[in-house]
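Trainee: Pasting in a structure now, in structure tokens, and then I'll have a few things to ask.
Please treat every number below as a calculation from the coordinates, not as lab data. Computed from a predicted model, the values in this text were never measured in an experiment. Using ideal geometry, Cβ is built from the backbone for each residue, glycine included, and neighbour counts are taken over all protein chains shown.
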Amino acid sequence: MRSGRPGAGVTRRRRRARVQGLVLLAPALVTLGALTLYPTVWVVWLSLQRRIPIFGVNHFEGLGNYAFLAADPRFWKAVEVTVLFTVASVALEVVGGVAAALALRGQRWGSRVALSLLLLAWALPSVVTAKLFEWLYNPAAGLVNYALGGVALNWLGDPRLALPGLILADVWRTLPFVTVLCFARLLAIPAEIYEAAQLDGAGPVASFTRITLPLIRRILLIAVLFRTLDALRSFDLMFVLTGGGPAGTTETLTVYAYRSLFQAVQLGLGSAVGVVVFALVMAVAWAYLRALRREGLAA
Amino acid sequence: MIAPKEKTRARKAVKLRCSAGRMSALGAAVLLVNLSLLVLSGCGGPPESRGGPVTLVLKHAKILGPVDPIPRLLAEFEAEHPGIRIKAEVLPWSSDEQRQFLVINLEGGRPGFDVMMLDCIWVPEFARAGWILDLTPSVPSAELSAHFPSAVEAGTYRGRTWALPWIMNVGLLYYRSDLLARYGFQPPATYPEMLEQIRVIRSGEGNPKLEGYLWQGKQYEGLVVNVLEGLWADGTTLVGEDGRVFPDPERAQHVLRLLRMLIDSGASPAWVTAADEESTRRPFGNGEAVFLRSWPYAVDLFERPDSPVRGKVGLAPLPRHEAGVPAPGSTGGAHLAVTRHTRHPAEAIELARFLSSTRAQRAMTASGATKPTRMALYADPELVRGSPNLPRIHDLTLGGRSRPVTPYYVMISTTLQPELSAALVKVKTPAQSVADARRRLEFLLRDLHE
């Protein structure tokens with residue numbers, strides 16, 4: 001009965017099962033549609049409008065907002081800041097995170113305590129982190145300048161230092177994420193592999209590049225994916241620490257979108273910036289997913 | 001505003017789940033009731049009993065000063081108006097957050113407050129947006145003429161009164177009278193004079209910690225005010241007759257170059273590009289600078305018994321760029337406005353008028369660090385005994401000028417801030433930043449009219 005007769009009854013039952021499946025899926029699909037698809041389409045639609053609600057301005061404008069952005073130095077500066085921030089902070093986090101994970105593995109005792117301490121930084125809300133660094137960077141009373149031997153660096157006020165300062169704060173906050181992922185993977189590598197390599201005459205450098213790195217490669221790719229998407233959208237840290245200043249040198253695309261949306265109440269222009277952020281994030285996610293698929297990590 | 005959407009969403013959700021045959025009718029009803037309760041509690045205010053006392057909500061920023069005068073004033077008002085109770089709620093600390101709070105709540109349609117304190121630069125915007133009540137019929141013009149004309153102007157839009165003047169401010173020059181006297185100087189009338197005095201005094205004092213001229217160059221509203229005062233001192237302005245920003249771009253560049261020169265020449269320390277009122281007031285108050293551009297609030301702090309500069313501070317108009325062209329300080333301050341859709345307009349207007357009355361302003365001046373908008377109070381013998389500088393501040397305020405009175409002021413200012421800051425810290429040339437600011441504002445303001 002199960003495989004034999006391809007009769008009409010079974011087909012009907014199958015069809016019914018398919019309909020039932022769709023019905024069961026419907027709440028999830030509708031929720032997803034309402035929560036992600038609808039706002040996305042709405043923002044794209046808004047970005048084609050000139051809309052300033054408090055002054056009653058509301059009309060269709062086509063690509064005018066995008067044309068303005070294409071020639072807007074502040075927008076391109078924000079793109080530059082966003083990309084610089086993302087590349088630098090993700091790179092430092094990965095290198096530092098792997099180093100910290102290796103150090104943790106090599107630690108004979110206290111690695112659990114060290115891990116919990118690391119996680120503390122990751123667990124802090126980023127606004128708290130930002131406030132913390134505001135004090136650390138204080139030109140007169142900050143610990144950073146004191147530790148550097150009492151120099152008078154104006155970390156958040158100097159256009160050349162503000163972005164590096166932000167990147168450092170971000171690295172401090174999210175390095176533990178990479179560390180924990182790597183550390184978990186490192187624990188799963190059998191010690192015999194290293195012993196065998198040692199017998200074959202491999203030094204520490206060779207066993208790192210030939211064994212450790214290839215084995216943590218996949219988990220690193222995933223960590224980099226998460227961190228990159230986060231960094232591209234980052235807002236809280238710069239908003240609290242510098243507000244995008246000095247002179248717009250730390251204004252990321254999301255801060256720019258916020259300023260256009262909530263300060264200038266330009267819903268159209270702000271949405272256009274939002275769409276650009278969305279496109280950027282999607283493009284990066286797509287590229288990573290392709291890379292992961294080649295690794296056989298994603299469907 | 002949210003209610004209809006929420007309801008249809010709720011209905012949709014209920015329908016879906018019922019059609020999936022997963023939920024009993026009872027469950028659906030419970031869900032619907034819960035959701036509608038949620039909707040009701042989110043949007044409806046507390047029901048007010050008829051005939052009971054009227055409750056007004058006053059939203060105001062914290063009034064700086066040794067004593068908060070508001071609670072006592074409100075108690076007096078309640079005592080005189082037995083049917084009215086006042087709930088005072090304090091707005092967030094920073095001016096940006098205050099405005100955002102007010103804008104979001106007023107745009108939402110049910111703000112939950114009746115009387116609000118407004119920075120004077122927001123009044124035309126709020127009036128244009130239709131959020132505040134036209135007070136013209138309830139406030140006789142004779143009542144307004146007691147206030148500084150620039151304060152009345154800031155509360156007026158399209159010839160009507162939208163907000164009552166409450167607190168006054170003006171940009172002025174503080175100087176160390178002891179140091180100037182030691183070298184035989186009068187307060188400087190022009191920038192070249194001021195630079196010369198700084199040079200002579202600093203070399204004479206031999207104190208490497210003594211700065212010259214402190215002002216506010218951080219990327220915020222204060223920077224726009226400082227540049228605006230520079231524009232006025234140079235005989236131009238920010239918004240021209242035709243509504244264009246920087247009607248004279250060459251002079252705007254000249255002003256930015258001058259501000260940069262102050263830093264390059266060492267007359268002002270490099271950190272003024274990240275400085276606001278307080279971070280410049282403190283070093284001057286510690287005796288570490290010869291000149292300071294600030295507001296009148298600082299004078300009371302300089303004259304406190306434990307102040308190192310007590311009795312050594314003079315007040316003067318801001319220096320001019322060249323002799324002949326006046327250099328008005330920018331006026332500022334706070335106004336009181338009434339929510340357009342308040343349920344108790346008469347009582348709310350009564351409260352606003354009470355708070356801006358001579359009696360209330362006298363009490364605030366006596367106990368706080370704020371200055372009144374009523375001119376007569378600056379000659380009030382009792383107040384002058386407490387702060388002897390009041391007559392001087394009166395004259396400086398009369399010479400002041402209000403920032404452009406336009407509904408788009410905040411839009412203009414927030415657009416200018418990063419551009420002006422970029423010119424000061426040399427990320428851009430003055431020409432580039434003026435051109436970028438103009439281009440951007442032309443796009444943002446292109447079809448907006450007064």
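Trainee: Write out the trypsin sites (Lys or Arg not before Pro) in the stretch B:376-450 meeting two conditions: DSSP loop, and at most 16 other Cβ atoms within 10 Å of their Cβ.
Mentor: Values: sites: B:385, B:392, B:401, B:426, B:428, B:438, B:439, B:440, B:446; in loops: B:426, B:428, B:446.
Sparse-neighbourhood loop trypsin sites (Lys or Arg not before Pro): B:426, B:446.
Trainee: Considering only the protein assembly as shown, what is the antiparallel percent among its DSSP beta bridges, to the nearest 5?
Mentor: The antiparallel proportion sits near 65 percent.
Trainee: With an 8 Å Cα cut-off and a minimum separation of 6 or more residues, compute the relative contact order for chain B in percent. Each step should come with its number before you reach the end.
Mentor: Numbers: 726 pairs, mean separation 105.0, N = 450.
Result for chain B is 23 percent.
Trainee: State, to one decimal in nm, how far the label point of residue B:343 lies from the label point of residue B:429, with both points 7 Å from Cα in the Cβ direction.
Mentor: In this crude spin-label approximation the distance works out to 6.2 nm.
Trainee: Tell me the Kirkwood hydrodynamic radius of the stretch B:103-158 in angstroms, computed as one over the mean inverse distance between distinct C-alpha pairs.
Mentor: 12.5 Å
Trainee: If you don't mind, another one. Using the basic label-point model (7 angstrom from Cα toward the beta carbon), what is the residue A:151 to residue B:376 distance in nanometres?
Mentor: It is 6.2 nm.
Trainee: When you take every Cα atom in the protein assembly as shown, what is the radius of gyration, and what is Dmax, the widest Cα pair distance, in Å?
Mentor: Looking at the protein assembly as shown, its Cα Rg and Dmax stand at 31.4, 115 Å.
Trainee: Further question: DSSP loop trypsin sites (Lys or Arg not before Pro) in the stretch B:162-247 with at most 11 other Cβ atoms within 10 Å of their Cβ, which ones?
Mentor: For trypsin sites (Lys or Arg not before Pro) across the stretch B:162-247 that sit outside H, G, I, E and B with at most 11 neighbouring Cβ atoms in 10 Å, the list reads B:209.
Trainee: Can I ask one more? Measure out, as a whole number of angstrom, how far apart the alpha-carbon centroids of the stretch B:299-342 and the stretch B:205-276 sit.
Mentor: 17 Å
Trainee: Output wanted: per-residue J couplings in Hz (rounded whole) for the stretch A:52-65, from phi through Karplus 6.51 cos²θ - 1.76 cosθ + 1.60, θ = phi - 60°, x for Gly and Pro.
Mentor: With the stated coefficients, the stretch A:52-65 comes to 10, x, 5, 9, x, 8, 6, 8, 6, 10, x, 8, x, 5 Hz.
Trainee: Counting pairs of Cα atoms in chain B, how many percent are more than 34 Å apart?
Mentor: 41 percent
Trainee: Simple spin-label model, 7 Å along Cα-to-Cβ: residue A:209 to residue B:248 in nm?
Mentor: Spacing of the two 7 Å Cα→Cβ label points: 6.7 nm.
Trainee: To continue, here is another question. What whole number of Å gives the distance from the Cα centroid of the stretch B:139-178 to the Cα centroid of the stretch A:232-299?
Mentor: After rounding, the separation between the Cα centres reads 42 Å.
Trainee: Which values of log₁₀ I(q)/I(0), to two decimal places, follow from the Debye formula for the stretch B:270-422 at q = 0.13 Å⁻¹ with a uniform point scatterer at every Cα?
Mentor: -0.82
Trainee: Compute the Rg to Rh ratio over the stretch A:71-294 from the alpha carbon atoms, using the Kirkwood formula for Rh, and round to two decimal places. Mind showing how you got there, number by number?
Mentor: Details: Rg = 20.1 Å, Rh = 19.4 Å.
Reported Rg/Rh (Cα atoms, Kirkwood Rh): 1.04.
Trainee: Would you report the distance distribution of C-alpha pairs in the stretch B:351-396 as whole percents per 5 angstrom bin, up to the bin with the largest distance?
Mentor: 5, 25, 36, 22, 8, 4, 0
Trainee: From the gyration tensor of the Cα coordinates in the stretch B:278-347, what semi-axes in whole Å does the equivalent ellipsoid have, largest first, with each one equal to sqrt(5λ)?
Mentor: Numbers: eigenvalues 239, 88, 18 Å².
That gives 35, 21, 10 Å for the three semi-axes.
Trainee: Sort the stretch B:320-389 into rounded, prolate or oblate with this rule: let a ≥ b ≥ c be the square roots of the eigenvalues of the Cα gyration tensor; rounded if a/c is under 1.5, and if a/c is not under 1.5, prolate when a/b is larger than b/c, oblate otherwise.
Mentor: Oblate.
Trainee: Further, regarding this structure: If you stretched the chain out fully between residue A:95 and residue A:109, how much longer would it get, using 0.36 nm times the residue separation minus the C-alpha to C-alpha distance?
Mentor: Working: separation 14, 0.36 × 14 = 5.04 nm, distance 2.34 nm.
Contour length minus Cα-Cα distance gives 2.7 nm.
Trainee: Take the Cα of residue A:295, step 7 Å along the line toward its Cβ, and report every residue of the stretch A:179-203 whose backbone nitrogen sits under 12 Å from that point.
Mentor: Residues passing the 12 Å test: A:182.
Trainee: Multiplying the sequence separation of residue B:78 and residue B:241 by 0.36 nm and subtracting their Cα-Cα distance, what value in nm do you get?
Mentor: That works out to 54.1 nm of additional length.
Trainee: What whole number of Å gives the distance from the Cα centroid of the stretch B:93-113 to the Cα centroid of the stretch B:51-88?
Mentor: If we compute the Cα centre of each part, the gap is 20 Å.
Trainee: What angle, in degrees between 0 and 90 and rounded to the nearest 10, separates the Cα long axis of helix B:358-367 from the longest principal axis of the Cα atoms of chain B?
Mentor: That works out to roughly 60 degrees.
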